[in-house]
Amino acid sequence: MQDVSTLVAQAREGRTRAVARLISLVEGASPQLREVMAALAPLAGNAYVVGLTGSPGVGKSTSTSALVTAYRKQGKRVGVLAVDPSSPFSGGALLGDRVRMSEHASDPGVYIRSMATRGHLGGLAWAAPQAIRVLDAAGCDVILVETVGVGQSEVEIASQADTSVVLLAPGMGDGIQAAKAGILEIGDVYVVNKADRDGADATARELNHMLGLGESRGPGDWRPPIVKTVAARQEGVDEVVEALEKHRAWMEERGVLAERRRARAAHEVETIAVTALRRRIGDLHGDRRLDALAEQIVAGRLDPYRAADELIEGLTGN
């Protein structure tokens, strides 16, 4: 068993091994997880969380790496959670973004971690909220969360980030189509990467047109900017950082940032509670209470909704 207080203290000092160990405790749903979260709670809440999402091939990892470079030039400590598809054999991260961001590997002001989705839908690992809290408490000024890249199901990033960045690229046949199906609704900043390719201006124009369709923004509401980049050459990245800072300032001025963080915390609590309840229900398989309710449903004496209510009442004591 690890001494949690020692790990947290070491993480606060910027020791990467301690940060890695804390995130491993989170990913492994360690029995010490409650102790870890209790220790981190008063230390977190200062980092700016930026989510990056988009269809496969738009250059999310390259853009993330470019943003790390830009923020490091400002002297900020940066954490990166790169959520990868799960290996069907080990359950571990398959792509290893740490390899693709190797230029930052020796920088003590950068912490990069690949996390496996382990079958979790929505583009994020189930442990991502707790991992974000670890990096926050460890003193990261900015946390970049790069999602798995599965297209339109990645809207969950909007509930985990302060600011959501949607990336598209010219010539990606399904880029705008994926956006139509949901990603378009979550972006605070849009980036057309690989802007040196033919069709970049057309992609930006089409995106701008789609953002204007059905728009119901009032005076002072945030209008998502569209920034063109060539992330591989660091071109346009400073403009992305500028757009992110403008969005952060706008949210702080109107109380939107605090509200988003409250909503994020509420979602996290709900997820933990539902997971715990599901586990308790799972433990009931073969239990006489569940069998008795099933028998009443089959006999027509009870409907499944009322049976579910009775089961929940029995589990919660209400």
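The values are calculated or read from the model by the stated rules, or taken from the named source; none is laboratory data. Keep in mind that this is a model prediction, so the values were computed, not measured. Cβ coordinates were reconstructed from backbone atoms using ideal geometry, including for glycine residues, and neighbour counts include every protein chain displayed. Accessible surface areas use protein heavy atoms only, side chains included; no ligands, DNA or RNA. Shrake-Rupley method; radii C 1.70, N 1.55, O 1.52, S 1.80 Å.
Please name which of 237, 255, 265 has its Cα lying farthest along the dipole of the range 224-265 towards the positive end, using unit charges on Cβ (Lys, Arg +1; Asp, Glu -1) and the Cα centre as origin.
265
Any chance you could look up the accessible area of residue 37 with a 1.4 Å probe, heavy atoms only, rounded to 10 Å²?
Accessible area of residue 37: about 30 Å².
Where only protein heavy atoms count, and the probe is 1.4 Å, what is the accessible area per residue for the range 258-304 in Å²?
On the way: 3520 Å² over 47 residues.
Roughly 75 Å² per residue, with all protein chains present.
Ordered by packing density, taken as the mean number of other Cβ atoms within 10 Å over each peptide's residues, highest first, how do 19-29, 127-137 rank? Numbers along the way, then the final one.
Values: 19-29: 20.0, 127-137: 24.1.
Taking the mean over residues of other Cβ atoms within 10 Å, the ranking is 127-137, 19-29.
Translational diffusion coefficient, Stokes-Einstein: compute it for the range 207-297 using the Kirkwood radius over C-alpha pairs as Rh, at 37 °C and 0.692 mPa s, and state it as an integer in µm² s⁻¹.
Numbers: Rh = 18.2 Å.
Calculated translational D: 180 µm²/s.
Using a 7 Å offset from the Cα along the Cα-to-Cβ direction at both residue 197 and residue 284, what is the distance between the two label points in nm, to one decimal?
Result for the modelled spin labels: 5.1 nm.
Determine how large the accessible area of residue 106 is when every protein chain is in place; take a 1.4 Å probe and give Å² rounded to the nearest 10.
Approximately 110 Å² for this residue.
Ranked by accessible surface with a 1.4 Å probe, highest first, in what order do 43, 167 come? Provide the component values of the computation, followed by the final result.
On the way: 43 45, 167 5 Å².
Ranking 43, 167 by accessible area, largest first, yields 43, 167.
Excluding same-chain residues fewer than 8 positions from residue 246, which lysines have a Cα within less than 24 Å of its Cα?
Counting by Cα, and skipping residues close in sequence, residue 246 has these lysines nearby: 60, 73, 76, 194, 228.
Under a 5 Å amide H to amide H cut-off, with H placed in plane at 1.01 Å, what residues pair with residue 77 once short-range neighbours are removed?
141, 142
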